[in-house]
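The values are calculated or read from the model by the stated rules, or taken from the named source; none is laboratory data. These numbers were taken from a predicted model, which means no experiment stands behind them. Positions of Cβ are generated from backbone atoms using ideal geometry, with glycine treated the same way; all protein chains shown enter the neighbour counts.
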Amino acid sequence: MSPMRIAVLGATGSIGGSTLDVIARHPDRYRASILAAHRNVDALAALCARFHPDLAIIADPALEGALVRRLAGLGARCEVASGATALERAAAGPLCDTVVAAIVGAAGLGSTLAAARTGKRLLLANKESAVCAGPLLRKALQEGGGLLVPVDSEHNALFQCLPGGRPVDLASVGVRRLILTASGGPFRGRSRAELAGVNPQQACAHPNWVMGRKISVDSATLMNKGLEVIEACVLFGAEPSQVDVLVHPQSLVHALVEYIDGAVLAELGHPDMRTALACALAWPERTESGVSFLDLASRGHLEFERPDTTTFRCLDLAYEVLRTGGDAPALLNAANEVAVEAFLAGSLPFLAIPDLIESVLAAMPAEPVADVGTLVHRDLTARAKARAMLARMCC
Ligand code: NAD
Ligand code: MG
């Protein structure tokens, strides 16, 4: 059998690196046929020299020439393309059977939807696209008829704990609740007063997971868990009231499914994304991931506690936009992306992140999700509003 051809979109990132690590362990089974990144020409070219894809895509069109020159310098031969439309075309095109959606932020939306529409196996790490375009993603998957396997560790865990991995109706299989665990991030247990002056370096120092900077800040604010609650509703057709969050500082239990007979199934493993990626690539088979095996006796104990939603307000904001419905989750996501960018740039205090998001939501009543064009326009409007508010807050 010829190897599965995989497009790794976001190849230079944390998830991209873990994906390529798993791919490299199984050269007979997998081949990275497309590699894509945003602006890091040197890192993308180095990956091309190592993995020999058919196509390399640099999302910033201004850097296409630089990529061509760098590849030539390394003696790496592959086609080169650039721009957001190249990402969508490649995700839907004939050079791959599987798409790993590992771009960060709403920038991953177009390629995620393109892969879903064409029935590719879609490994979804890019939670923001599920958050922004839930109804459109579900429709695209239905039309395309392909398989979406979640890569976000909690959703991958739910996928594994649900019968058949992909139920259409949670009630019909006796599911009562989906429970996502959260590490609590680097600031677990801190009061609002203690968080007033925290800086990006402190926020990105996650206790258990090594991740990109945006998701690290989201973990510190608990917005990551908020986005994941929305993602769970989209991917598994759950009602918001069926999705709960439990803080579990060890990050060994990734999620749990509670059934109506009182049984609770959980998935455990080291906090290493290669397990979820290996599972998603091979599903329904299993392959080695390079992750060490879990020795529970040596870990001693597992702790669980309720999230502190008074200090970390972002989680409640996510439930609120779910209740509002329409495009409110997309507006929340857009405002959050601007807020996190500003915090990372040192121009917004940590505690003001939920304030900015709340102000954008208050200024933009939700509208129904009509189509991608309208959604992108609303996303851009929310970003512009957030930036204008930011400018006023910072003056
Ligand atoms: P990262 O910042 O490490 O990498 C992001 C990747 O996306 C890079 O390759 C970058 O070049 C690319 N990219 C950024 N902007 C782009 C654009 N406009 N067009 C095309 N490519 C672009 O991020 P990450 O931690 O790997 O996270 C990627 C996604 O996976 C996020 O949605 C995150 O929420 C999700 N996720 C990550 C983890 C993790 O452990 N890192 C876990 C669960 C889910
Ligand atoms: Mg997660």
Quiz item: Here are some conditions: (1) outside any strand (DSSP E or B); (2) without any contact (Cβ under 8 Å) to a residue 40 or more places away in the chain; (3) touching a strand residue (DSSP E or B) at 6+ places or on another chain (Cβ under 8 Å); (4) not basic (Lys, Arg). Leu35 meets all but one. Which one does it not meet?
Solution: (1)
Practice problem: Please list, ordered by first then second residue, the pairs with beta carbon atoms under 7 Å, 6 or more apart or interchain, first in segment 141-159 and not assigned by TED's automatic domain parsing to the domain that holds Gly110, second more than 16 Å from ligand 2 (Cβ to nearest atom) and acidic (Asp, Glu). | Solution: none
Self-check item: Scan of segment 1-52 for residues that are surrounded by 18 or more Cβ atoms within 10 Å (Cβ to Cβ), small (Gly, Ala, Ser) and over 23 Å from the mean Cα position of the chain (by Cα), ordered by number
Solution: Ala45
Self-check item: Index of the failed condition, Glu239 passing every other in (1) within 15 Å of ligand 2 (Cβ to nearest atom); (2) at pLDDT 95 or above; (3) not aromatic (Phe, Trp, Tyr)
Solution: (1)
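So, Met389, is that one at pLDDT below 95, out of contact with any Pro (no Cβ under 8 Å at 6 or more places or on another chain), assigned to a helix (DSSP H, G or I) and among the hydrophobic types (A, V, I, L, M, F, W, C) or not? Let's see the steps before the verdict.
Values: at pLDDT below 95: no; out of contact with any Pro (no Cβ under 8 Å at 6 or more places or on another chain): yes; assigned to a helix (DSSP H, G or I): yes; among the hydrophobic types (A, V, I, L, M, F, W, C): yes.
Taking the combined requirement at face value, the residue does not satisfy it.
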Exercise. Filter segment 248-273 for residues that are surrounded by fewer than 20 Cβ atoms within 10 Å (Cβ to Cβ) and outside any loop (DSSP other than H, G, I, E, B) and give the result.
Key: Val253, Glu258, Tyr259, Val264, Leu265, Ala266, Leu268
Quiz prompt | The lone exception for Gly110 - which of (1) in contact with a Gly (Cβ under 7 Å, 6 or more places away or on another chain); (2) within 11 Å of ligand 1 (Cβ to nearest atom) it fails | solution = (1)
Quiz item: Is there a residue in segment 305-319 that is touching a Phe, Trp or Tyr at 6+ places or on another chain (Cβ under 9 Å) and of a type in the set (Gly, Ala, Ser)?
Solution: no
